[in-house]
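> Next up is a structure, given as structure tokens.
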Amino acid sequence: MPTTGNAHPSWLSEAVFYEIYPQSFADSNGDGIGDIPGITAKLDYIRDLGCNALWINPCYDSPFKDAGYDVRDYTKVAPRYGTNEDLIALFNAAHDRNMHVLLDLVPGHTSEEHAWFQASARPDPAERVVDAAPGATTPGDTAPGDTADHADGRVNVSERYIWTDCWISGGDGLPFIGGETERDGTYILNFFKCQPALNYGFAHPSQPWQKPALGPDALATCDALLGVMRFWLSRGADGFRVDMADSLVKHDEDGKPYTIRTWQHMFAQIRQEFPEAAFVSEWGRPHESMEAGFDMDFYLDWRWDGKPNGYNRLLRDTDTPLAHGGDRSYFNADSGASITPFLNEYLPQLRDCERAGGRFSLITCNHDTLRTAQRLTERELKIAYGMILTMPGCPFVYYGDEIGMRYIPLPTFEGGYVRTGSRTPMQWGGDDAAIESRYLPMDVAPGSPTVATEVLRDDSLYHWIRQVLAMRGDRPALRSDAAFDVIAAPQEGRAFAFLRTAAGNGNEPVDGEAPGDRVLVAMNPGRGTETIDVPAPRAAAMDSGEPLHIGVVHSERAADGMRIVLGPQSFAVLPW
């Protein structure tokens, strides 16, 4: 499995993440757009919810043609968000609260306005020079692949991007742009026209202009990216969520072997310097990402040509994701769906992570995914989030999901397209409601939730998530690395139950076992009553804390254990 041999950061065992889209989260200066000081001012809110770690979407300088994923300067905070000093102050304030902060790293491409690209596009190779990336090398050193020495702190970036060797050359099956620069060549794109691809090489070069993966030019790009990592880690960042981490090497084979080796090369260096830094991949195939050396992978929401992956089966198994009718997802009370199709895909991937010591994490939603609140009812969301927040791995709560913020159909803005409606301003309510957003419109439709209203409602989704996360924080059995065993998953039923067991403890009671070391999580998202048979709880379970539940849940003795009756739309976390 993994070949990197890295030890994963210890703090991930108890980490619960809160994803923040910075331009929409909290506006500290009344200019109508979220900013870094606004995030700092809301740290207590995030901590009180039960999250002790942040993932902040790109906050770097950018022309914002792709909402900040088109980076113009990796080492400068975008002025609309504040300054580098504001971000460092956020790191410090988070650490004072025993919280951690991940930044978003975009390794595959930059903005066309980045200084690297502007220099690489010049017609004279001798003029394709920029200042060396901060942290990449020291003056006088030469990074692999650099065609100019660093005696004057300058580096040649002719091959920092993927250029063909002629202005009329195509991209060998890859998207490309020609006719826009003075350089005699076309350049390869990632995604939008404004995002030239950084050069990590080709798995099997077949054209003179294609450089080999892990060759001198590709390693020079790695060195520049390492410089970006060092810049922020040395200033207090706790790691990175890595955008499209599996897409570095072009024409890579199935299994991504050359991209994996590229990450292994970088991790071999950066982990020696920052052993407690965490790296979370947007990859979705943990058998690959764990081998590459990442600490964690997301279970991404995929649906291609009407065919759902396991995660899609949980929350939005439909081609019309804003409609309740026709949705076959597990958490739709009317779908009749079993948990089995999800588990068939999920369990092998979870075991891949466990063997590598990493984590395979679930999300409530994210900035690329349509919110579910207007399709699933509050009760359905409570059951869904109850499961997501008690499963293995470090869960990720997308800002506003804790109050049931809704997706708003909106025209595309800053490259958001269909994703724009999931990126609307956080609905704080109260005094914050007077600040008019100039980023995106806020949901002001009747019944739209706000933090101010949901905090006052005792049975709100907000309070349910707080309760679940409080129990997660109190119980070692719900930590990210605690064992996970399926207890009930009938193919024709709606019930699902699993045991979580604290690391270092077996499933059977042992002398000296601490309270809270084992819990049973059981649910029934359907409208009928479900009955399941489970192993009997250990004797100490009766004294190990109050259960957490919604709906009617009761248990009775059975011949070989316990029988649990789950009423309609019920969920429970039980000491076991």
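> Using the basic label-point model (7 angstrom from Cα toward the beta carbon), what is the PHE413 to ASN98 distance in nanometres?
Output for this residue pair reads 3.8 nm.
> Related question: Calculate the FRET efficiency for ARG328 and ALA126 from the Cβ-Cβ distance with a Förster distance of 45 Å, rounded to the nearest 0.05. Intermediate results must be reported in sequence, preceding the final value.
Details: r = 61 Å, r/R0 = 1.36.
After rounding, the FRET efficiency stands at 0.15.
> Kindly list the residues of the range 198-219 that lie in the label zone of ASP165, defined by a backbone N under 11 Å from the point 7 Å along the Cα-to-C-beta vector.
So the set is 206-211.
> Could you check the spin-label model distance between GLU546 and GLU180? Points 7 Å from the Cα along Cα→Cβ, value in nm.
5.9 nm
> Starting from the 7 Å offset along Cα-to-Cβ, what nm value, one decimal, do you get for the label separation of GLU556 and ARG47?
Simple spin-label model gives 4.8 nm for this pair.
> Over the chain, give the accessible area per residue in Å² for a 1.4 Å probe, as an integer.
Here the per-residue accessible area is 37 Å².
> Determine the dipole magnitude for the range 13-115: charges of +1 sit on the beta-carbon of Lys and Arg, -1 on that of Asp and Glu, nothing else is charged, the reference point is the Cα centre, and the result goes in debye to the nearest 20. Each step should come with its number before you reach the end.
Working: 7 positive and 17 negative charges, 26 e Å.
Dipole size: approximately 120 debye.
> Just need the relative contact order of the chain here, percent rounded to a whole number, with Cα pairs under 8 Å and 6+ apart. Don't skip to the end; give the middle numbers.
Details: 1313 pairs, mean separation 71.4, N = 576.
So the answer I get is 12 percent.
> Determine which residues of the range 356-378 fall in the zone a paramagnetic label at ALA7 would reach in this model, i.e. backbone nitrogen under 16 Å from the point 7 Å along Cα→Cβ.
Residues passing the 16 Å test: 357-358.
> Which value, in Å² and to the nearest 10, is the accessible area of LYS307 when all protein chains are kept and the probe is 1.4 Å?
In the full protein context, LYS307 sits at about 150 Å².
> Relative contact order of the range 335-419: what whole-number percent is it, with Cα pairs under 8 angstrom and at least 6 residues apart?
Numbers: 69 pairs, mean separation 27.8, N = 85.
Once normalised by length, the contact order is 33 percent.
> Per q in 0.11 1/Å, what log10 I(q)/I(0) does a Debye calculation on the alpha-carbon atoms of the chain return?
Ignoring solvent entirely, the Cα scatterers give -1.04.
> For the range 366-444, run through the GluC sites (Glu not before Pro) and keep only the ones in DSSP coil with at most 13 other Cβ atoms within 10 Å of their Cβ. Before the final figure, lay out each step's value.
Details: sites: GLU378, GLU380, GLU402, GLU414, GLU436; in loops: GLU414, GLU436.
Answer in residue order: GLU436.
> Whole Å is fine, so just give me how far the alpha carbon centre of the range 445-509 lies from that of the range 230-296.
The range 445-509 and the range 230-296 have Cα centres spaced 29 Å from each other.
> Using the crude model of +1 on Lys and Arg Cβ and -1 on Asp and Glu Cβ, and no other charge, please compute the dipole size for the chain relative to its Cα centre, in debye to 20.
Values: 50 positive and 81 negative charges, 209 e Å.
Result for the chain is approximately 1000 debye, rounded to the nearest 20.
> Please report, as a whole percent, how much of the solvent-accessible surface of the chain comes from carbon and sulfur atoms (probe radius 1.4 Å).
Values: 10850 of 21270 Å².
Using a 1.4 Å probe with all protein chains present, the chain comes out at 51 percent carbon and sulfur.
> Over what distance in Å are the Cα centres of the range 44-74 and the range 169-201 separated?
27 Å
> What Kirkwood Rh does the range 286-443 have if only Cα atoms enter the pairwise 1/r average? Answer in Å. Before the final figure, lay out the partial values.
Details: mean 1/r = 0.0594 Å⁻¹.
It works out to 16.8 Å.
> Rank-order 53-64, 526-537 by packing density, defined as the average count of other C-beta atoms within 10 Å over each peptide's residues, highest first. Don't skip to the end; give the middle numbers.
Numbers: 53-64: 22.4, 526-537: 16.8.
The densest-packed peptide leads the list: 53-64, 526-537.
> Size of the range 265-372 along its principal axes in angstrom, Cα-based, largest extent first?
In descending order, the Cα extents are 52, 26, 23 Å.
> Here is a further query. Determine the gain in length on full extension of the stretch THR83-ARG351; use 0.36 nm per residue of separation and subtract their C-alpha separation, reporting nm with one decimal. Please list the in-between numbers first.
Values: separation 268, 0.36 × 268 = 96.48 nm, distance 4.21 nm.
Length gained between THR83 and ARG351: 92.3 nm.
> Among LEU376, ILE339, GLY358, whose Cα lies farthest out toward the positive end of the dipole of the range 338-377, if unit charges sit on the beta carbon of Lys, Arg (+1) and Asp, Glu (-1)?
Of LEU376, ILE339, GLY358, it is LEU376.
> Using only helices, what value at 222 nm comes out for the chain when you add -39,500 (n - 2.57) per DSSP H run of length 4 or more and divide by the total residues, to the nearest 500 deg cm²/dmol?
Working: 13 runs with 132 residues, N = 576.
The per-residue figure over the chain is -7000 deg cm²/dmol.
> Taking the dipole about the Cα centre of the range 440-498, with the C-beta of Lys and Arg at +1 and of Asp and Glu at -1, give me whichever of VAL444, GLY473, PRO490 is farthest to the positive side.
It is GLY473, whose Cα lies furthest towards the positive end.
> What share of the DSSP beta bridges in the chain is antiparallel, in percent to the nearest 5?
The antiparallel proportion sits near 65 percent.
> Here is a further query. What would the Debye equation give as log₁₀ I(q)/I(0) for the range 1-128 at q = 0.11, 0.15, 0.20 Å⁻¹, counting only Cα atoms as equal point scatterers?
With no solvent term, the Cα-only Debye profile gives -0.48, -0.78, -1.11.
The values are calculated or read from the model by the stated rules, or taken from the named source; none is laboratory data. Fair warning: this is a prediction, and the values are worked out from it, not measured in the lab. A quick note on method: Cβ atoms are made from the backbone with ideal geometry, for glycine too, and the neighbour counts reach across all protein chains shown. The accessibility values were calculated without ligands, DNA or RNA, using every heavy atom of the protein model including side chains. Shrake-Rupley method; radii C 1.70, N 1.55, O 1.52, S 1.80 Å.
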